[in-house]
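Okay, structure first, notes after.
The values are calculated or read from the model by the stated rules, or taken from the named source; none is laboratory data. Predicted model, so just to flag it, every value in this text is computed and none were measured. Neighbour counts are summed over all protein chains in view; Cβ atoms, including those assigned to glycine, are modelled from backbone coordinates with ideal geometry.
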Amino acid sequence: MTAVPTTKDEWRKRLLADRRAVPAEVREAEATALAASVRDLVHAGQTVCAYVPIGTEPGSRDVLDELVNEGVRVLLPVVTGRNPLDWAVYDGTLRPGPHKLLEPPGERLGPAAISAATVILVPALAVDRAGVRLGRGAGHYDRSLVYAAKGAALVGVVRDQEFLEQLPADRHDVRMTAVLTPAGGVVEATKA
């Protein structure tokens, strides 16, 4: 029996190893299910902050194109060092950015652009029932989500197995208001 991780670094190692073991066809089926939930969550005329999945991250770029075609304003993150994320409008085109990320080539809107979003889809390695999100450790989202509008849905996107009972948390961690998983759809986080 494998010991349960206790630190964030131990959790990251375990979760990244588990993701690497997921077959491509399973990731594709999960991406399809996530896209259906995102389409139900976001509607024409809204602004949503999203992300372009890299490697084994859940989701797909296809849903971003669908949202744009449906009249949703999609903002994607632009990494600018250890600062809060910058944002740019996604119009269907992407270019390589730092850390193997793809980013929109258009005008940079600044960190406060996130405040226009009613839904913010946040990549995560895991999220617990209280909304504690485990990211990759750089802190980009924790420094960025403080700019989110009050009442915006902060939705951590994970695989079903990555929606956990409890994760270690730090005071600076910004909690998710909901979790999106392929089988479970959108589940509201409980108040801690």
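Yes or no: Leu134 under 13 Å from the mean Cα position of the chain (by Cα), surrounded by 21 or more Cβ atoms within 10 Å (Cβ to Cβ) and modelled with pLDDT under 95? Yes, satisfied. Residue selection: Leu125 satisfies the criterion of being of a type outside the set (Gly, Ala, Ser), surrounded by 23 or more Cβ atoms within 10 Å (Cβ to Cβ) and on the phi < 0 side of the Ramachandran plot.
Would it be correct to say that Leu94 is among the aliphatic types (A, V, I, L, M) and more than 24 Å from Val127 (Cβ to Cβ)? In short, yes. Listed by first and then second residue, the pairs linking a residue in the stretch 72-96 that is farther than 26 Å from Arg39 by Cβ to a residue that is part of a loop (DSSP other than H, G, I, E, B) and of a type in the set (S, T, N, Q), with Cβ atoms under 9 Å apart and 6 or more places separating them unless they lie on different chains, are Asp86/Thr80.
Restricting the stretch 99-124 to residues that are more than 15 Å from Arg61 (Cα to Cα) and of a type in the set (D, E, K, R), the residue that is nearest to the chain's Cα centre (by Cα) is Arg108. Taking strands (runs of 3 or more DSSP E) as the structural unit, those lying wholly within the stretch 114-178 and holding at least 2 residues that are under 18 Å from His43 (Cα atoms) correspond to 119-123, 153-157. Restricting the search to the stretch 54-70, which residues are β-branched (Val, Ile, Thr) and closer than 15 Å to Arg19 by Cβ? Within the stretch 54-70, Ile54, Thr56 qualify.
Listed here are the strands (runs of 3 or more DSSP E) enclosed by the stretch 1-89 that have at least 1 residues being more than 15 Å from the chain's Cα centre (by Cα) and surrounded by fewer than 20 Cβ atoms within 10 Å (Cβ to Cβ): 73-78, 86-89.
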